[in-house]
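As structure tokens, the structure follows; a few thoughts come after it.
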Amino acid sequence: MPKLKTKSGVKKRFKLTASGKVKAGAAGKRHRLSSHNGKYIRQNRGTDVLAEPDAKRVKLWIPYGLD
């Protein structure tokens with residue numbers, strides 16, 4: 001069997017915790033932030049752990065985990 005490739009977008013957007021949970025940043029924080037108010041920008045700072053159904057989908061795209 002050939003090696004499976006990791007989705008390149010997943011490498012850029014997600015991190016795995018030591019216990020195997022998936023962390024991700026908030027959506028809508030890349031550009032055009034002038035249309036959002038300061039409260040939205042502050043509250044969506046940093047990363048958060050994904051819900052379990054979403055994490056299962058992401059883990060399909062990283063067959064060998066992220067290093």
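Tell me which residues, restricted to segment 16-55, are touching a strand residue (DSSP E or B) at 6+ places or on another chain (Cβ under 8 Å) and aliphatic (A, V, I, L, M). Selection gives LEU16, VAL22, ALA24, ALA26, VAL49, LEU50, ALA55.
Quick grid of which residues meet (1) without any contact (Cβ under 8 Å) to a residue 24 or more places away in the chain; (2) touching a Gly at 6+ places or on another chain (Cβ under 6 Å); (3) more than 15 Å from GLY65 (Cβ to Cβ); (4) polar (S, T, N, Q):
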{"site": "MET1", "(1), (2), (3), (4)": "yes, no, yes, no"}
{"site": "PHE14", "(1), (2), (3), (4)": "no, no, no, no"}
{"site": "SER19", "(1), (2), (3), (4)": "yes, no, no, yes"}
{"site": "ILE41", "(1), (2), (3), (4)": "yes, no, yes, no"}
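Give me the residue from segment 6-27 that is more than 14 Å from ASP48 (Cα to Cα) and surrounded by 10 or more Cβ atoms within 10 Å (Cβ to Cβ) and, out of that set, farthest from the chain's Cα centre (by Cα). Checking each candidate, the answer is THR6.
We did not get these values from a lab; they are worked out from the coordinates using the rules stated. None of these values were measured; they are calculated from a predicted model. When we count neighbours, we look across all protein chains shown, and the Cβ atoms used for this are built from the backbone with ideal geometry, even at glycine.
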